[in-house]
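To start, the structure under review is shown below, and the notes come after it.
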Amino acid sequence: MLGSYLKTSRRSLVRNKLFSAINIIGLAVSMSVGLLVIAFLTDLFSYDLFHEKRHRIYRLLTRHESAEHNIMNFASTSLKAGYKIRETIPGVEDVTLIRRGFYSDAKVNDETIIPLEATWADPSFLKIFTFPMLKGNPATALKEPYSLVVTEKTAHKLFGETEALGKTVRFDTVNYTVTGVLKDIPKLSHIRFEALVSLSSMLGQKADSDGGVMDWNNIYQNYVYLTLPENANLAAIQAGLDRISTAENATLDRQKIDLSLQPMDKIVFSERLSNEIGVNIPQPVAWILIGLAFVVILSACFNYTNLSIARSMRRSREVGIRKVIGALKNHVLGQFMAESVIISVMALVFSFLLFLILRSQFMALAPQLADIVSLELSPMLILYFLLLALVVGLGAGFLPALFYSRIQAIQAMKDASSLKVFRHVNMRKTLIVVQYTFSLIFITTTLIGYKQYRGFLSFDLGFTTENILNIRMQGNKSSLLKKELAEIPAVSQIATSRMITSLGSLYGTQLKYKGHGVQDSAMVWLNFVDENYIPLHKHRFLAGTNFKNRPTSGNETEVIVNEQVLKRFHIAERNPAEAVGKQVVLDNKPLTIVGVLKDFHYGTMDHKIEPTVFRYSSEETGGNLNVGIKSEDYPAALSSIEAAWQKIDKIHPLKAAFYDDQIEEAYKQFEVMVKVIGFITFLAICIASMGLFGMVVFTTETRLKEISIRKVLGATESGLIFHLSKGFLLLLLIATLVALPVTYIFFDQYVLTKFEYHQPIGVIELVISVLVVMALAFLLIGSQTLKAARSNPAKVLKSE
């Protein structure tokens, strides 16, 4: 029976070359998208699978609520929370604490200097996580202060082919001993590091210099992971966390911190958290990718269904003959399902070749994609591809197979033209409308998304970024580089700042103001700048002046605020000049307002403008230099700046970028999203157009005699073209009336409301999509209908 199905299917494919090609190409193109999405999601779902205890590992999350009820969720937490869990919550198998922020230059043999990025970790780290140790004892490697565990790659970078275990590495003035060598960290790990430093090293250093490292609200650099026993009582653990939070929150002023657990297998796919330590893909992104791939594959399946049922008059007699000679309903069903699966498998071969081509293009959409996924082939991935082909084949062939299996032999042999798919609904027309509705939605979405992206890049930030080069100091003294840069003619101005604003990074602090006899406090955004920063970026003063004094570290007396600070604390908000001279408290330091700036964007466009302050930067190391460039030859200017950097730092490469380029990079995710949707749009239109082309070809072929009779009776070519095209154009009009309102309402009411400063949806974005689809439709329909209208009636009707 199977052999008969295969032989009959082969004959049908060869006999209907055009329709077979349309179906195979359409399915191949759509399935290539499905293969990309499957490979991408397979990699993401494979994160952290190498940990032996992964099903019992949980991460501690922090929910911070301010006095104004502003809530932020953090992947990080306090070290104190980890210690309290160890001491007070029974039923926890193990706890490990880690801390980010170890960036230093490693000195080996007092000669070689190598920049190194490490993570502080306590001894339990290597018991909870399965990072195989090649040399050393994992139980004791991180126990003693100033212990250092390196990966294979780091060991080779530091010592070459020499044995690393037991060697000494100097960071600043402190010697660290290599106590272990780990196998290189797998790419699909959400925790990555070059080396581990014993946490006791940091605690010993910070005890003298930073007494707040163990504070309950020091939640920004620390991470806590737990292992729980099998079938642990999570409710009891959470109750213990709540008790810790309640007790510790009593020590805080006007803020609240709550703790919760997150399973390890939910870390990569979860809501976006602040201070995320590794890869994080919000679940909606995954669903959008799956949805887009599903829609494109569904469109190709519609083509198959449409063309298969459209040929019902031809193939119904074949089915009738089969049933007359004894074929049962399930035999016919199996025949057409087998034919569909064969076409799907053939399409899989072509789609796999497309996948290999598109994979590199997909990875090139954003440089960070190469750090997140590899899209490498594996036996499991190949199995997923085969399953996709099987599912697509069965899905595409189900309705045609069901339709043909229900055909009555007598009816098919007597009058095949009386066959109907449904009693009241013409399925072919419905499928064409659905296909082009999706195509119009995709085109409009791409145009709206591109307009928003360009709007973000050109939006007035409230200050200038043009021709400003931001240089990361990487621990070097800014005064040394300033001196070298001042000698370069292309450098017009030089300023310093701790942060580069409007890129998404946030740094906040508490501001207090005693007004109307009441002490009021709230979170404000903060940047440390010098007296050259405001003139360089052309911030506009509403009142007051720039910094007047150049204080030494910790002795500043002045602060500059924006309008939102006046509004939030009701400080002479109607007359900014009256705010000058008022005193506020920042980090327990009384500071005097010396200037009020017009509001500007501290964060990205999806955040509204909030209270922001500038304090004077007296830092000699770290931070950034903001360099104004005035030159027509930018490559030469950058070459001179590179040479100036080499004079003060021969170890670290220059890390510099123009402000405009950094802003563009900050919105890179939107550009990638627009490109992905645009690519899907192109494929959807191609597939829908192939389906429409097949339907037009079939319709004109079956109506040739009608066309010839009309020509004999005097019909003109233009009249025939209109007569043959009007049905298809009406379907496109229906698709337009459905797609445009749906897209407009979805973006206007749901998507764009999440962005404080978005561009309005214009008529152009809506009209262009209609014009593109209509132009393609006219081209496809017109080419075939014109060919049919110019046919010779004598040749067509000679046998009648």
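No lab work stands behind these numbers, since they all come straight from the coordinates. The model shown is predicted, which means the values in this text are computed figures rather than measured ones. Positions of Cβ are backbone-derived with ideal geometry, glycine not excepted, and every protein chain shown enters the neighbour counts.
Given +1 at the Cβ of Lys and Arg, -1 at the Cβ of Asp and Glu and no other charges, the dipole of segment 12-169 around its Cα centre is 580 debye to the nearest 20.
What share of the DSSP beta bridges in the chain is antiparallel, in percent to the nearest 5? Roughly 80 percent of the beta bridges in the chain run antiparallel, per DSSP.
Taking every C-alpha pair closer than 8 Å and separated by at least 6 residues, the mean separation divided by the residue count of the chain gives a relative contact order of 15 percent. When the charge dipole of segment 468-665 is built from unit charges on Cβ atoms (+1 for Lys and Arg, -1 for Asp and Glu) and taken about the Cα centre, the candidate among Val594, Leu485, Ser618 whose Cα reaches farthest toward its positive end is Val594.
Of the DSSP H helices in the chain, those with a Cα length along their own long axis of 27 Å or more and a mean Kyte-Doolittle hydropathy reaching 1.6 comprise 17-45, 379-405, 717-746, 763-789. With a threshold of 25 Å on the Cα-Cα distance, the over-threshold entries among Lys127/Lys187; Lys451/Lys598; Lys107/Lys187; Lys655/Lys754; Lys153/Lys675 are Lys451/Lys598; Lys107/Lys187; Lys655/Lys754; Lys153/Lys675.
Between rounded, prolate and oblate, where does segment 123-173 land on the alpha carbon gyration tensor, with a ≥ b ≥ c its root eigenvalues, rounded for a/c under 1.5, else prolate if a/b exceeds b/c? Since a/c reaches 1.5 but b/c is at least a/b, the shape of segment 123-173 is classed as oblate. Using C-alpha pairs under 8 Å with a sequence gap of at least 6, the mean separation divided by the residue count of segment 468-665 gives a relative contact order of 38 percent.
Listed peptides 703-715, 531-543, 673-685 appear in the order 673-685, 531-543, 703-715 once ranked by packing, highest mean of other Cβ atoms within 10 Å at the front. Separation of segment 54-83 and segment 252-276, taken as the distance between their Cα centroids, equals 4 angstrom.
Look at the Cα gyration tensor of the chain: its axes a ≥ b ≥ c give a/c of at least 1.5 with a/b over b/c, and that counts as prolate.
Every helix of 4 or more DSSP H residues in the chain counts as -39500 (n - 2.57), and over all residues that averages to -16000 deg cm²/dmol at 222 nm. Extension gain Val174-Val672, at 0.36 nm per residue separation less the Cα-Cα distance, in nm? Residue separation times 0.36 nm, minus the Cα-Cα distance, leaves 174.8 nm.
Considering segment 54-266 at the alpha-carbon level, its Rg and Dmax are found to be 18.3, 57 Å.
Under the convention that each Lys and Arg Cβ holds +1 and each Asp and Glu Cβ holds -1, the size of the dipole of the chain around its Cα centre is about 4720 debye. With viscosity 1.002 mPa s and temperature 20 °C, the Kirkwood radius over alpha carbon pairs of segment 153-202 converts through Stokes-Einstein to a diffusion coefficient of 175 µm²/s. When the Cα gyration tensor is reduced to axis lengths a ≥ b ≥ c, the ratio a/c is 1.5 or higher for segment 468-665, and with a/b above b/c it is classed as prolate. Summing Cβ point charges (Lys, Arg +1; Asp, Glu -1) relative to the Cα centre of segment 468-665 gives a dipole of roughly 620 debye.
The rule of thumb for compact globular proteins, 2.2 N^0.38 Å, goes into the C-alpha radius of gyration of segment 172-289 1.34 times. Note on Lys183: aspartates and glutamates with a C-alpha under 19 Å away, same-chain residues under 8 apart excluded, are Asp48, Glu52, Glu117, Asp122, Glu152, Glu161, Glu163, Glu194, Asp371. Each of Ala684, Val174, Thr464 was scored by the projection of its Cα onto the charge dipole of the chain, and the greatest displacement toward the positive side belongs to Ala684; charges sit on the C-beta of Lys, Arg, Asp and Glu. Go through Ala39, Ile648, Val296 and say which Cα lies farthest out towards the positive end of the charge dipole of the chain; charges sit on Cβ, +1 for Lys and Arg, -1 for Asp and Glu. Farthest along the dipole direction, towards plus: Val296.
Taking the empirical scaling 2.2 N^0.38 Å for compact globular proteins as reference, segment 701-794 has a Cα radius of gyration ratio of 1.60.
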